[in-house]
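The values are calculated or read from the model by the stated rules, or taken from the named source; none is laboratory data. Quick caveat: nothing in here was measured; it's all calculated off a predicted structure. Here the Cβ is made from the backbone with ideal geometry for all residues, glycine too, and neighbour counts use every protein chain on show. These accessible areas exclude ligands, DNA and RNA; they are computed on the full protein's heavy atoms, side chains included. Shrake-Rupley method; radii C 1.70, N 1.55, O 1.52, S 1.80 Å.
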Amino acid sequence: MARKKTIRTIPQERTPVAEQDPGERVKNFAEVSHGYSTEEALLESERCLMCPEQPCVAGCPVSVNIPDFIQRLSDKDYRGAYDVITATNLLPAVCGRVCPQETQCEGVCTVGDTLEPVAVGRLERFIGDMAITAGWASIPYIEPSPFRVGIVGAGPAGMACAADMAKAGCEVTVFEAFHESGGVLRYGIPDFRLPNEVIDAEMGNLEKLGVNFECNTLVGRLFTIEQMIDELGFDTVFIGTGAGYPSMLGVPGDSLNGVLSANELLTRCNLMHAKEFPDYDTPMPPAKRVAVVGAGNTAMDAMRVCLRLGADEVYCVYRRSRAEAPARAEEVHHAEQEGVRFKWLTNPVEVLDDGEGGVGGIRCVQMELGEPDDSGRRRPIPVAGSEHDIDIDLVVVAIGTNANPIIGQTSRLALNKWGYIETDEQLATSMPGVFAGGDIVTGAATVIEAMGAGRKAARRMKHYLGIHDVDTPYFVEGAETLFGIDLRERNFVRVRVPESSV
Amino acid sequence: MAREDFSDATYLLEVHHPMMAKAARPGQFVIVMSHEHGERIPLTIADYDREDGTITLVIQAVGKSTREMQQSCTVGTSLYGMVGPMGMPSPLGQASKVLCVGGGLGVAPIYPQARGFKENGAYVIAVIGFRTNSLVFWQEKFESCCDEVIVCTDDGSAGIEGRVTEGMKLAISRHADIDECVAIGPPVMMRGAAEVTRPYGIKTMVSLNPVMIDGTGMCGGCRVKVGDQVKFACVDGPDFDGHQVDFDDLMARLGRFSVEEKAAMKRWSESCRMAQQVPETGKPTE
Ligand SMILES: Cc1cc2nc3c(=O)[nH]c(=O)nc-3n(C[C@H](O)[C@H](O)[C@H](O)COP(=O)(O)OP(=O)(O)OC[C@H]3O[C@@H](n4cnc5c(N)ncnc54)[C@H](O)[C@@H]3O)c2cc1C
Ligand SMILES: Cc1cc2nc3c(=O)[nH]c(=O)nc-3n(C[C@H](O)[C@H](O)[C@H](O)COP(=O)(O)OP(=O)(O)OC[C@H]3O[C@@H](n4cnc5c(N)ncnc54)[C@H](O)[C@@H]3O)c2cc1C
Ligand code: SF4
Ligand code: FES
């Protein structure tokens, strides 16, 4: 440990991770990747150079102290590694699985300049999974404060904000429209990528912090944001309702029965368990030959769900090339392994009728890449006379989502021209005491960015309420115990001080 | 939960949810899950009582979920989940003479609208249609809040003979100054109603019932064609201009899962028979 590692002394190969065989896994919904064993994690942790300049930390949207946790892991201080991660990221087992590490921490890792970067995501997942098995939770001593905080939406943004506000001693209630919490983690990302047990376990930690959940509550309709502040007695409110209003194709045949959004497909399958129909009541559209339009994470998930539901042929229709596909690299790779047929540089122009109200095929044109557009990506342009039909019976549309209109329809909050909630740099909205973050502010982004936004808003909310962070002063460097209680087991039950005595 | 059965297939549930009763407006709906493995099924709020804190639903047992609820939702039980109110409240505008048309099950959800218009000071004519006399319900409720009530039955066993469109024609012939019409019922009926008013240029709102899942605008499953636009009925509706709605599209989309629904129904009835659970119906409970 004392010996300084160099790029030549570390294990040269990135430690591979065991995965279910592609031929086998397309028949089940069990997780694709098995995750590292302890030996594998220890081996991979050796590859970190402990760079003093820590580019990976800067690459992480919530600045997890990556070298610090890897060092602890390598020293077999697993609980220590968990505490380091959860100081900034409350969902390590989730993020280790779904973050686009290749464009974040791993994308800037020094080792990556010469070799394959350190597998930060897999190490994070290893620690997160170990915590779930061991039942660890990072629950600091909480100094009660007299404030009530309302959180709208139980997705990653709302969760992260709820955790920070609960740690600041506030009474936090999370309102969720669905009957289960988790947001996209629950209804969007399928089990084979993120098992429900992992979400349950990491969400469970929020309940341990004293956060209350009110599911089946559609804010805006049951009560408005204004009412939360004026009538329901919330001192401050955070809105993290996500961007789940799917765009449809807008081409002829769009409303045929075999055309549906990826959100609908995934919600039926994941949240409503249509994959277990008829054991659960929600049905799934029949699909033998499927075209999924788009190449983001949502599209990859939809394709792989269709394969697992028994489709014979699944096409990915995307108007740009593979290099521009917005999905995580690993997801594209997995989809390829599982037999998805990619039609890069192909754009649908019409969905064809089968004569009975269903889909008989999809008409596409070939595209070529022209000059870069506003997003910096080369603009696809149609090739004249390249129309061709693909024979399919289901079209799944995964070309992006827009802002959900409900909060906008029912409150006076200022929205931008696309309908997203307008905020300042610190995520304050136009209404005093009301903050917003995650996909409902930025448009569809990532889990970790949404969590980062939730935490950023929480900082501002504490400031608004006049709360000083109480976490830190109690963290005495080097101390093993606090008030005679082992710091490693800081599972204090929250004490609520009666209002009269505050 | 309280309950009343109108017929073998139609029953009323009164669910205690004070906060929702406070928020509900005419035209809105709820989504109910009766058990953890259940479907999310949308049901219109047929009435609400702010004082008692209750929401009234009138349900027709058409398939597996609704029949299952017919058996399981008895007095004192609770639902696994109920979320709402959802959708935009109906715009109860400045109309001074209104025709409120309800066919079959649409009779229940038209009631809060009729009452709402009345409270806004309009002259309200209700046209309510049923297949036959024994299926008639809520006539007195309408009579207590409407200026005129026209009952239609397909076989003429109560009120006038014929479909609601006949009742509408009668009302229009008596009142040339009707300035708004609201029609709720099966899609065919709403289309018929919209055709009756079209020549007179009477603004006609209909309440659409496409297949829904989330009811929050997240899946697009409930999309309908209105004029040349695609709308999500759960957040942009469920009320739309009946003269603009593409009813063929709506009806085709309602059949999306007919194969699976039939299969589920069949499996369910078989399992019921096996368990010797003959559905109890027609027994009013309070
Ligand atoms: C299929 C799919 C796969 C993805 N894969 C990845 C991935 O691999 N990696 C990654 O980083 N990102 C991925 N993303 C993106 C990521 O999931 C989102 O950016 C992130 O979840 C946004 O978090 P959020 O908290 O802003 O919103 P959401 O997760 O959308 O949560 C919003 C919550 O608010 C609730 N809500 C909405 N309106 C109301 C209301 N009026 N009242 C009460 N509750 C309400 C919703 O039901 C929902 O639960 C994926 C997205 C999808 C759809
Ligand atoms: C806004 C709205 C308001 C409604 N209000 C009422 C009401 O007040 N009373 C009432 O009895 N019914 C109402 N319905 C219809 C009711 O939701 C369906 O009858 C019910 O979902 C059928 O479920 P099932 O399993 O019993 O029947 P199934 O066998 O599953 O289906 C029977 C028929 O119901 C329709 N249907 C099925 N699933 C759905 C779904 N998830 N959403 C919408 N329609 C579906 C289909 O056209 C199908 O052919 C309403 C629907 C909508 C969209
Ligand atoms: S950049 Fe890579 S090698 Fe350097 S500290 Fe971060 S993870 Fe370790
Ligand atoms: S029911 Fe899903 S968008 Fe309307």
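Structure summary
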| item | result |
| --- | --- |
| Chain B: Cα Rg divided by the 2.2 N^0.38 Å rule of thumb | 0.97 |
| Local electrostatic count, residue A:129, Cβ distance below 13 Å [Lys/Arg +1, Asp/Glu -1] | -2 |
| Accessible-area composition of the stretch B:2-86, carbon plus sulfur, in percent [1.4 Å probe] | 46 percent |
| Probe 1.4 Å, accessible area per residue of the stretch B:97-207, Å² | 39 Å² |
| Whole-percent carbon and sulfur share, accessible surface of the stretch A:1-160, 1.4 Å | 55 percent |
| Accessible area per residue, Å², chain A with all protein chains present, probe 1.4 Å | 40 Å² |
| For residue A:214, residues with placed amide H under 5 Å, excluding near neighbours | A:174, A:175, A:176 |
| D (Stokes-Einstein, µm²/s), Kirkwood Cα radius, the stretch A:344-407, 0.890 mPa s at 25 °C | 175 µm²/s |
| Pairs of Cα atoms farther than 18 Å apart, the stretch A:143-209, % | 36 percent |
| Per residue, the convex hull volume that the Cα atoms of the stretch B:77-117 enclose (Å³) | 97 Å³ |
| Neighbourhood charge, 9 Å Cβ-Cβ cut-off, centred on residue A:115 and excluding it, Lys, Arg +1 and Asp, Glu -1 | -1 |
| Note, ³J(HN,Hα) from phi for the stretch A:79-96, Karplus 6.51, -1.76, 1.60, rounded to Hz, x at Gly and Pro | 5, x, 4, 4, 5, 5, 5, 6, 5, 10, 10, 7, 10, x, 5, 6, 5, x |
| Other-chain or far-sequence residues with amide H under 5 Å of residue B:48's (modelled H) | B:56 |
| Anisotropy class of the stretch B:60-160 from Cα gyration tensor, a/c 1.5 cut | oblate |
| Theoretical ellipticity at 222 nm over chain A - DSSP helices of four or more residues, -39500 (n - 2.57) apiece, nearest 500 | -8500 deg cm²/dmol |
| Rounded FRET efficiency, nearest 0.05, which uses the C-beta distance separating residue B:120 from residue B:19 and R0 of 30 Å | 0.75 |
| Average beta-carbon neighbours from other chains, 10 Å sphere, peptide B:244-254 | 2 |
| Most fluctuating residue given options B:247, B:137, B:257, as computed from a GNM of chain B linking Cα atoms under 10 Å | B:257 |
| Helix A:297-308 vs. chain A, principal-axis angle (Cα, 0 to 90°, nearest 10) | 70 degrees |
| Per residue convex hull volume, Cα atoms of the stretch B:2-86, in Å³ | 85 Å³ |
| Angle between chain A longest axis and helix A:156-167 axis [Cα atoms, degrees, rounded to 10] | 10 degrees |
| Long-range amide H partners of residue A:352 with built H, under 5 Å | A:360, A:361, A:362, A:363 |
| Kirkwood hydrodynamic radius (C-alpha pairs) into Stokes-Einstein, the stretch B:168-243, 4 °C and 1.567 mPa s, D in µm²/s | 98 µm²/s |
| Net charge of neighbours whose Cβ lies under 12 Å from the Cβ of residue A:59, counting Lys and Arg as +1 and Asp and Glu as -1 | -3 |
| Per-selection Rg to Rh, the stretch A:327-450 - Cα, Kirkwood hydrodynamic radius | 1.08 |
| The stretch B:97-207: translational diffusion in µm²/s, Stokes-Einstein, Kirkwood Rh over Cα pairs, 4 °C, 1.567 mPa s | 97 µm²/s |
| Carbon plus sulfur fraction of accessible area for the stretch B:97-207, probe 1.4 Å, in percent | 49 percent |
| Radius, Kirkwood style, for the stretch A:1-102 when every pair of distinct Cα atoms is counted (Å) | 15.2 Å |
| Rounded, prolate or oblate (a/c below 1.5 giving rounded, otherwise prolate when a/b exceeds b/c) for chain A by Cα gyration tensor | oblate |
| Violating pairs (Cα-Cα greater than 26 angstrom) within the set B:97/B:225; B:64/B:225; B:169/B:231; B:97/B:141; B:64/B:231 | B:97/B:225; B:64/B:225; B:169/B:231; B:64/B:231 |
| Accessible area buried, both sides summed, chains B and A with 1.4 Å probe, Å² | 3700 Å² |
| Crossing angle, helix A:120-134 versus chain A [Cα axis fit, 0-90 degrees, rounded to tens] | 60 degrees |
| Most mobile listed residue (B:143, B:14, B:51) in chain B, GNM with C-alpha springs under 10 Å | B:51 |
